[in-house]
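Inspection log for the structure reproduced underneath, given as structure tokens.
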Amino acid sequence: MSATNHQPIFERLIRLLDPLDPAEVHGLLCGLLCADRELSREQWLLHASELAEDDVELTEAARDVLLKLFEYGSAQLSGDPDWSVTPLLPDDDTPLSRRARALGAWCQGLLYGLGLGQAAERGELSPESQEFLRDATDIARVGFETDNASEADETAYAEVVEYLRVGLLLVQQDLYRSAQRHSRLH
């Protein structure tokens, strides 16, 4: 998803996906795609629209962006396992408190997507993946209250983002291997 103007992509997505949170939506997509490699565009739109408030209908523009996000996420998660799938988060110029909230929203979306996709019923997770999901649950609850971030805070944030990226790939690989074993048995 390339930016066509100078506004950061995340900020453009906030406007285009309103009332949805782009980080939470991307986390949801990653969770759903990990759990269900056969997720259809229609299923994706249904799940994404469920994140909106009850009486809010998504605009056609938001639906188009969601479909582009689906294609982008599918490409990220269906390619080479070392492909650089990365949580969709605000850029580094955004205050750390906002980036930390987005990180929490991404984790919430991921966990929700794995639940909706019935990941627990679809495959067996390694102890490392299970630990990652416990950590993601904790990260979803964490906040950062100041905009005056130190270099150590920035480093810690970058390390958490990398941990989430690697953990997502680990969960995906566990579920994929488990699905392959299951299909060979049946």
Connecting C-alpha atoms closer than 10 Å in a GNM of the chain, tell me which of Ala102, Ala35, Ala149 has the biggest fluctuation.
Ala149
At 222 nm, what helix-only mean residue ellipticity would the chain give, in deg cm²/dmol to the nearest 500, using -39500 (n - 2.57) for each DSSP H run of four or more?
-22500 deg cm²/dmol
The FRET efficiency for Val166 and Ala120, from their Cβ-Cβ distance with R0 = 25 Å and rounded to 0.05, is 0.75
When the dipole is taken about the Cα centre of the range 9-185, and only Lys, Arg (+1) and Asp, Glu (-1) are charged at their Cβ, what size is it in debye, to the nearest 20?
680 debye
Based on the alpha carbon coordinates of the range 9-185, what radius of gyration and maximum Cα-Cα distance (Dmax) apply, in Å?
16.0, 55
Shape parameters for the range 26-68, alpha-carbon atoms, Rg then Dmax in Å
10.5, 30
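Every number in this text was worked out from the coordinates using simple rules, so none of it is lab data. The shown structure was predicted, so the numbers you read here are calculated from the model rather than taken from an experiment. Note that each Cβ is placed from the backbone with ideal geometry, even for glycine, and that neighbours are counted across all protein chains shown.
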